[in-house]
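Asker: Please find one structure pasted underneath; my questions will follow.
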Amino acid sequence: MSLSLTIGPVQYHWGRDALLQFYADVADSTARDVVIGEVVCSRRRDMKPVDWVAIAAELTQAGKQVWLGTLALIETEAELRAVRQAVERGDVQIEANDAAAVRLAWHAGRPWSIGTHVNVYSSEALAEYRDMGATRWLAPVELDLAGVRTVAAAHRDAIAVEVMAFGRLPLALSARCFTARHHNLQKDQCGFICRDDPDGCTVRSQEGQVFLALNGIQTQSGAVQCLVHHLPALRAAGVNALRLSPCSQDFREVMAVYEALVVGDLAAQEAERVLRGLRLPGPLADGFATAREPGMNWSMA
């Protein structure tokens, strides 16, 4: 089974110029799908809805399938209204990250994609979402590849299956902004301090080990998911696409590594060597994929 690449949404608070340059680079990549939009914090407003529509148009012209990711935690009527407007506008396909977006896309009769924060851990749950119009499923980051295979087995002709293959993993959400609290600021008066952490704020254990990353209301893994050694298992699990979650440095090189890997021009060992030479935000990990190691561990050690 051939594997395509998906570029996930930028989860961090990057400035407008940085985002525009990033998507210009993505347009030149071989990635088939691109997820855009603000998925973490509605206070990050450097990009307006019209800007995302323009980026979607440019990426579509470059041959990409574009999806607009919705907020993963909706707390206000204004946030719900923004999701409703995006669904009703219909200019970009929706990747739903919460139940409200699922319901809105379903009632609009539009195909949509299951984001990582919509929990699907069984074939029956996936069948229910399929009947509601879902055409793609991004597996939960902590679900091992054997579990992915079990859930997806009955839906291979109806649902495209995607797995997070690179990047810091989104683990949890809270109404409280941990980045603001870390800096002794109120959430509503944060001064957008998360701009200072373009890959999240790294949290270390008392022993100095990279443990987690704070990204506003989102908690991420401190380690960077890397599945370059698992392509045979990914194909066996029925996975169609590998998602690469953006980081602030050397992401063009990351895309190039995975592009070469999936077409067979680069061996897994060489891909790992190249990635370890890049400026990544944390150590490599793949423990969740095997279920034999903690998620933050590197099973190939």
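Asker: Applying the Karplus parametrisation 6.51 cos²θ - 1.76 cosθ + 1.60 with θ = phi - 60° to the phi angles of the range 17-24, what ³J(HN,Hα) value in whole Hz is obtained for each residue in order, glycine and proline being reported as x?
Answerer: Here the 3J(HN,Hα) series is 4, 5, 5, 4, 5, 4, 6, 5 Hz.
Asker: I'd like to check one number: the per residue accessible area of the chain, probe 1.4 Å, reported in Å² as a whole number.
Answerer: I get 44 Å² per residue for the chain.
Asker: How high is the FRET efficiency from R276 to R149, r the C-beta distance, R0 30 Å, rounded to 0.05?
Answerer: Efficiency at R0 = 30 Å is approximately 0.55.
Asker: Sort L171, L278 by heavy-atom solvent-accessible area, probe 1.4 angstrom, most to least.
Answerer: Output order, biggest surface exposure first: L171, L278.
Asker: If you wrap a convex hull around the C-alpha atoms of the range 88-174 and split its volume per residue, what is the figure in Å³?
Answerer: Hull volume over Cα atoms, normalised by residue count, gives 108 Å³.
Asker: Relative contact order of the chain: what whole-number percent is it, with Cα pairs under 8 angstrom and at least 6 residues apart?
Answerer: Normalised by residue count, the contact order of the chain is 19 percent.
Asker: Rounded to whole Hz and in sequence order, give me ³J(HN,Hα) for the range 101-117 from the Karplus expression 6.51 cos²θ - 1.76 cosθ + 1.60, θ = phi - 60°, writing x for Gly and Pro.
Answerer: 3J(HN,Hα) across the range 101-117, in whole Hz: 5, 4, 5, 5, 5, 4, 5, 7, x, 9, x, 8, 10, 8, x, 5, 8.
Asker: Take every Cα pair under 8 Å in the range 250-297 that's 6+ residues apart, average their separations, divide by the length, and report that relative contact order as a whole percent.
Answerer: 26 percent
Asker: For A175 paired with Q65, estimate the spin-label separation in nm (one decimal), with each label point 7 Å from Cα along the Cα-to-Cβ line.
Answerer: Output for this residue pair reads 3.7 nm.
Asker: Can you tell me the length gained on complete extension of the stretch F192 to M300, counting 0.36 nm per residue apart and subtracting the Cα distance?
Answerer: Full extension of this stretch gives 35.1 nm more.
Asker: Report the gain in length on full extension from T135 to E58: 0.36 nm times residue separation, minus Cα-Cα distance, nm rounded to one decimal.
Answerer: 25.4 nm
Asker: Length gain on complete extension for the stretch Q206 to Q21, per 0.36 nm per residue less the alpha carbon to alpha carbon distance?
Answerer: Net length gain for the segment: 62.8 nm.
Asker: While we're here: Amide H to amide H, which residues 5 or more places from Q11 or on other chains are under 5 Å from it, using H placed in the peptide plane?
Answerer: When sequence neighbours closer than 5 places are left aside, there are no close amide H contacts.
Asker: Turning to a different aspect of this structure: Given the options L145, L185, L227, which has the most mean-square fluctuation in a GNM of the chain, springs set between C-alpha atoms less than 10 angstrom apart?
Answerer: Looking only at L145, L185, L227, the largest GNM fluctuation is found for L185.
Asker: If you don't mind, there's one more thing I want to ask. Points 7 angstrom from Cα along the Cβ direction at A99 and N119: gap in nanometres?
Answerer: For A99 paired with N119, the spin-label model returns 1.1 nm.
Asker: In addition: Tally Lys/Arg at +1 and Asp/Glu at -1 over every other residue whose Cβ is under 13 Å from the Cβ of R81; what's the total?
Answerer: -2
Asker: Hey, another quick one. Could you work out [θ]222 nm for the chain from helices alone, using -39500 (n - 2.57) per DSSP H run of at least four and dividing by all its residues? Round to the nearest 500 deg cm²/dmol.
Answerer: After summing the helix terms and dividing by the residues of the chain, the value is -9500 deg cm²/dmol.
Asker: What are the residues whose amide H is under 5 Å from the amide H of I36, where those residues sit 5 or more places off or on another chain and H is modelled from the backbone?
Answerer: Residues meeting the amide H criterion: W67, L68, G69.
Asker: Express in whole angstrom the spacing between the alpha-carbon centres of the range 81-152 and the range 260-297.
Answerer: If you average the Cα positions of each part, the centres end up 27 Å apart.
Asker: Expressed as a rounded percentage, what relative contact order does the range 1-148 have, with Cα pairs under 8 Å and six or more residues apart?
Answerer: 17 percent
Asker: I've got another one for you. Answer rounded, prolate or oblate for the range 206-301, using the Cα gyration tensor with square roots of eigenvalues a ≥ b ≥ c: rounded when a/c is under 1.5, else prolate when a/b is larger than b/c, else oblate.
Answerer: prolate
Asker: Could you please report the charge total around G222, scoring K, R as +1 and D, E as -1 over all other residues with beta-carbon less than 12 angstrom from its beta-carbon?
Answerer: Residues close to G222 contribute a combined charge of +1.
Asker: Find how many whole Å separate the alpha carbon centroid of the range 155-205 from the alpha carbon centroid of the range 15-34.
Answerer: Computed from Cα coordinates, the inter-centre distance equals 20 Å.
The values are calculated or read from the model by the stated rules, or taken from the named source; none is laboratory data. Predicted, not measured: the structure shown is a model, and the values here were computed from it. Glycine gets a Cβ as well: all are built from the backbone with ideal geometry, and neighbour counts include every protein chain shown. Heads up: the accessible areas ignore ligands, DNA and RNA and are worked out on the full protein's heavy atoms, side chains in. Shrake-Rupley method; radii C 1.70, N 1.55, O 1.52, S 1.80 Å.
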